[in-house]
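The values are calculated or read from the model by the stated rules, or taken from the named source; none is laboratory data. The structure displayed is predicted, hence computed values, not measured ones. Every residue, glycine among them, receives a Cβ derived from its backbone with ideal geometry; neighbour counts consider all protein chains shown.
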Amino acid sequence: MNNIFDNKINVIDITGKHLHPSYTHRAKGLVKNGRAEWVDEKTIRLVGDTFHEYLTKNGAKPAYIEKNISLENALQAADSIADFLSGIWHGGLKGDGKGAGLGAEQDAYRFLDEYASYCGDSSEFADAYSRHINDVFEQPAKKAVAAYKRAIRIIPDDVVIDPYYLHGLSNNEYVTAFRALQELIHDKLYKLENNIKTR
């Protein structure tokens with residue numbers, strides 16, 4: 001029976017302390033981004049500031065550091081960054097939906113933001129975090145916009161408006177103005193849905 005760490009790389013810190021093993025592709029990413037160096041073919045050593053040192057230098061309080069180090073340990077133990085991200089943060093409330101779990105969500109967001117900054121823009125974690133944000137927020141928002149756009153039914157030419165709502169306009173003037181408004185809204189929604197800049 002294979003050991004679960006057979007396909008992983010050993011990780012040690014600058015002092016030689018053994019940390020949780022990392023998958024090979026993640027270990028290579030740390031080396032590529034200057035966060036680690038190879039000791040041998042199965043071991044990397046982290047270089048530079050540890051996450052703990054990074055937080056300390058930025059003036060974080062001990063309780064905050066402790067929480068974040070716990071989450072970093074959970075990240076190192078996860079099967080993948082994507083699994084870790086979806087497991088700790090969903091961009092919304094948990095529990096009963098009336099605020100339960102909000103503190104945990106905020107803690108998770110602060111950790112993710114802090115850790116992405118620590119890793120740098122080119123890191124595997126930062127890239128995965130960006131994709132997760134896109135999945136959590138952007139895609140559902142685009143679906144909602146598309147639904148609003150589909151719900152618009154352009155007013156027909158032959159519709160007859162109740163005179164009470166015309167306010168001095170002719171029926172044709174009212175229909176023309178209303179259709180122009182609908183087309184403007186439709187155009188704005190189309191641009192939002194397709195990432196086209198709007199003014």
- State the number of residues belonging to segment 136-166 that are within 18 Å of GLU183 (Cα to Cα) and aromatic (Phe, Trp, Tyr). 1
- Per the filter on segment 163-184, residues exposed (fewer than 12 other Cβ atoms within 10 Å of the Cβ) and either more than 27 Å from LYS149 (Cβ to Cβ) or touching a helix residue (DSSP H, G or I) at 6+ places or on another chain (Cβ under 7 Å) (or both) are PRO163, TYR164, HIS167, GLY168, SER170
- The residue that is nearest to the chain's Cα centre (by Cα), considering only those in segment 134-154 that are of a type in the set (A, V, I, L, M) and loosely packed, with under 15 Cβ neighbours inside 10 Å, is ALA141
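Could you tell me which of the residues LYS32, LYS28 is surrounded by 14 or more Cβ atoms within 10 Å (Cβ to Cβ) and among the basic types (Lys, Arg)? Steps first, please.
On the way: LYS32 fails: surrounded by 14 or more Cβ atoms within 10 Å (Cβ to Cβ).
Only one candidate qualifies: LYS28.
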- Hey, can you tell me all the residues within segment 14-34 that are among the hydroxyl-bearing types (Ser, Thr, Tyr) and at pLDDT 80 or above? THR24
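Can you find, within segment 1-11, the residue that is modelled with the lowest pLDDT among those that are β-branched (Val, Ile, Thr) and closer than 11 Å to LYS42 by Cβ? Steps first, answer last, please.
Restricting attention to segment 1-11, the residues satisfying the condition of being β-branched (Val, Ile, Thr) are 4, 9, 11.
From what's left, closer than 11 Å to LYS42 by Cβ: 9, 11.
Details: ILE9: 86, VAL11: 82.
Among those that are β-branched (Val, Ile, Thr) and closer than 11 Å to LYS42 by Cβ, it is VAL11.
Take ASP107 and decide whether it is of a type in the set (Asp, Glu), modelled with pLDDT under 75 and assigned to a loop (DSSP other than H, G, I, E, B). Full working, then the answer.
Values: of a type in the set (Asp, Glu): yes; modelled with pLDDT under 75: yes; assigned to a loop (DSSP other than H, G, I, E, B): no.
Spelling it out, it is not the case that ASP107 is of a type in the set (Asp, Glu), modelled with pLDDT under 75 and assigned to a loop (DSSP other than H, G, I, E, B).
For SER22, are the conditions met, namely being closer than 22 Å to ALA128 by Cα and outside the structural domain of ASP135 (by TED's automatic domain parsing)?
yes
Quick check on this structure: which one of GLU37, GLU53 is surrounded by fewer than 16 Cβ atoms within 10 Å (Cβ to Cβ), in the same structural domain as TYR115 (by TED's automatic domain parsing), modelled with pLDDT of 80 or more and not in a loop (DSSP other than H, G, I, E, B)? Write out each step before concluding.
Working: GLU37 fails: in the same structural domain as TYR115 (by TED's automatic domain parsing).
Of GLU37, GLU53, the one residue that is surrounded by fewer than 16 Cβ atoms within 10 Å (Cβ to Cβ), in the same structural domain as TYR115 (by TED's automatic domain parsing), modelled with pLDDT of 80 or more and not in a loop (DSSP other than H, G, I, E, B) is GLU53.
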- Which one of these does LYS42 not meet: (1) assigned by TED's automatic domain parsing to the domain that holds ALA126; (2) exposed (fewer than 15 other Cβ atoms within 10 Å of the Cβ); (3) of a type in the set (D, E, K, R)? (1)
